[in-house]
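Worksheet: one structure, shown below.
Coordinate-derived values only; no laboratory data. All values reported here derive from a predicted model rather than from experimental measurement. Backbone-built Cβ (ideal geometry, glycine too); neighbour counts: all protein chains shown.
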Amino acid sequence: MLSTHDIFIALVAVHIATGTIGLITFWIPVIGRKGGVNHRRYGQLFVNALLVTGITAVAIATTTLIDPVATHPHLADHALFADPKMISAIFGWMMLYLATLTVNLAWHGRLALIHRTNHRATGTPLNAALQIALSVASANCLLQGFWSGQLMMMGISAVGFATVGTNLWFIFKPEPKRHDYIKEHIKSLVGAGISVYTAFFAFGAVRLMPELALTPGLWAVPLVTGLVLIIYHQHAITRRYQPRGVTAG
């Protein structure tokens, strides 16, 4: 019979494999020609990889919450994680939050493109459920961070609340511009990329130096990079669809 640790290791293997695909393919649509064959092909691969990565991360976080010590035996002698509750907080609840964030953004970004002629159609029952799930996961991450004294968890939860807010704004926007779906597509999928790179830098580093999982610098690098990419591409879209003779403000 498989132990919790065996299941955890198997899930991590799948998670790493699909996450690596996502980390690599992320850049092809970002820096390549928009709308081309490679953009569509690798963009779809990126989304599919992230959905699997996010779902397995949910399972990984769940096994951690069930048995934090058995799933993370390498942290047994580390002072920061001597208390199993701290393992549950960081590698359980926070990872569950980031996994939900990744799935939410990847799926919403996919729907924004599919339903580009009818933005209201992105408000499918599944997408609505994902907004609720992310709201709950964000609130829980905030509370768990407060109870465990981890400001990092409390701060990062704001991204989830902002994501739900902007997603719902797009779904229910009364009169969207004809290029708003492109901006939403960019925001969501680049945001999903930020989430995966954040997890890669933060949780991946724990194998070498566990305390790095809580280092603000590791979280700041993908966040700042992603925000710059979102702002740049959204500004480019605005300029492309702006009427002639009108300058961007």
Starting from 0.36 nm per residue, how many nanometres of slack lie between PHE172 and MET154 once their C-alpha separation is accounted for? 3.7 nm
Need one number: nm distance between label points at ILE24 and ALA10, each 7 Å from Cα along Cα→Cβ, rounded to one decimal. 2.5
For the ranges 4-16, 83-95, what's the packing order if you count other beta-carbon atoms within 10 Å of each residue, average per peptide, and put the highest first? 83-95, 4-16
By per-residue mean of other Cβ atoms within 10 Å, what is the highest-first order of 228-236, 158-166? 158-166, 228-236
Sequence-distant residues sharing a close amide H with GLY32 (under 5 Å, placed H): none
Using a/c under 1.5 as the rounded threshold, could you call the stretch 4-240 rounded, prolate or oblate? The axes a ≥ b ≥ c are square roots of the C-alpha gyration tensor eigenvalues, and prolate needs a/b larger than b/c, oblate otherwise. prolate
Can you pull the one-decimal nm distance between simple spin-label points at MET1 and ILE231, each 7 Å off the Cα toward Cβ? 5.5
Full extension between LEU126 and GLN242 adds, at 0.36 nm per residue less the Cα distance, a length in nm of 38.4 nm
Mean separation of Cα pairs under 8 Å and 6+ residues apart, divided by the residue count of the chain: what relative contact order is that in percent? 18
Lysine pairs with alpha-carbon atoms under 18 Å apart, the chain, spacing 8 or more or separate chains: 5
Might you report the magnitude of the Cβ-based charge dipole of the chain about its Cα centre, with Lys and Arg at +1 and Asp and Glu at -1, to the nearest 20 debye? 1560
At 7 Å along Cα-to-Cβ for each site, give me the label-to-label distance between ASP83 and THR117 in nm. 5.7
Ranked output for segments 19-28, 100-109 by mean other Cβ atoms within 10 Å, highest leading, reads 100-109, 19-28
